[in-house]
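Worksheet for the structure shown next.
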Amino acid sequence: MKVDSYLSSNTGDIKQLFTSVFTDSEGTSEGVLIGQLVHDIVTLTHKEDLHGYVAIDNDKIIGCLFFTRLSFQQGLSAFLLSPMAIQTSYQGKGFGQQLINTALEELKKQGVHLVFTYGDPAFYSKVGFRQITEKTAKAPFTLSQPEGWLAQSLLGEDIKPLPDQPYCVEAFNKPDLW
């Protein structure tokens with residue numbers, strides 16, 4: 001598997017990947033919702049606020065993830081990992097972990113300090129994310145599943161409490177996504 005930067009010329013294939021994967025795991029309405037979220041991320045987010053990576057196997061995109069900026073008043077360089085998808089037939093084989101680890105190394109090289117995600121603690125703990133509470137770092141909106149609020153420092157430091165509430169990019173500026 002090869003990991004490469006997301007290219008806007010791949011937008012249609014990427015949207016279809018997310019729609020298909022989330023339809024398979026969560027049902028049609030979730031697949032459509034996440035497909036639209038991906039479209040919004042790539043069309044509404046400023047370049048400096050977006051990092052996307054694809055997993056390629058045999059010249060075919062089998063996975064993708066996006067990082068979008070989370071802005072804190074302290075000027076901290078922080079991003080949100082969301083969403084992520086690995087083609088259903090490739091799941092459970094380590095491709096997702098490899099994609100995340102490679103992408104995190106790239107973000108670290110670019111000076112990113114913290115990465116957050118909102119997902120399954122059992123999966124994301126395999127790639128260095130730890131559960132945090134909103135006493136440590138607030139989410140942009142009220143969380144429907146607080147146990148899924150996760151973070152990791154790319155500097156290898158403990159995450160110190162962040163007093164202000166971050167704001168997210170426009171695509172995530174919807175309380176029902178949280």
Completion exercise
Contact list, first residue from segment 66-77 and free of Cβ contacts under 8 Å to residues at least 40 places away in the same chain, second anywhere and of a type outside the set (S, T, N, Q), beta-carbon distance below 7 Å, six or more apart or interchain, is Ser77/Gly111; Ser77/Val112; Ser77/His113
Exercise for the section: Go through segment 87-125 and give me each residue that's of a type in the set (D, E, K, R) and either assigned to a strand (DSSP E or B) or farther than 13 Å from Gly156 by Cα (or both). Expected result: Lys93, Glu106, Lys109, Asp120
Fill in the blank from the handout: When every residue in segment 126-157 that is assigned to a helix (DSSP H, G or I) and under 17 Å from Ala103 (Cα atoms) is compared, the one nearest to the chain's Cα centre (by Cα) is Val127
Handout entry: When residues of segment 1-60 are limited to those that are without any contact (Cβ under 8 Å) to a residue 24 or more places away in the chain and small (Gly, Ala, Ser), the one farthest from Ala85 (Cα to Cα)
Key = Ser9
Handout entry: Selected residue [aliphatic (A, V, I, L, M) and surrounded by 21 or more Cβ atoms within 10 Å (Cβ to Cβ)] from Ile61, Ile41
Key = Ile41
Exercise for the section: Read through the list (1) surrounded by fewer than 19 Cβ atoms within 10 Å (Cβ to Cβ); (2) in a strand (DSSP E or B), then give the number of the only condition that Met84 fails. Expected result: (1)
Handout entry: Hits in segment 158-169 (condition: part of a loop (DSSP other than H, G, I, E, B) and among the aliphatic types (A, V, I, L, M))
Key = Ile159, Val169
Practice task
Sort out which residues of segment 72-109 are polar (S, T, N, Q) and modelled with pLDDT of 95 or more, and write them in order of number.
Solution key: Ser82, Gln87, Thr88, Ser89, Gln91, Gln97, Gln98, Asn101, Thr102
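The values are calculated or read from the model by the stated rules, or taken from the named source; none is laboratory data. Please read all numbers here as calculations on a predicted model, not as lab measurements. Cβ coordinates were reconstructed from backbone atoms using ideal geometry, including for glycine residues, and neighbour counts include every protein chain displayed.
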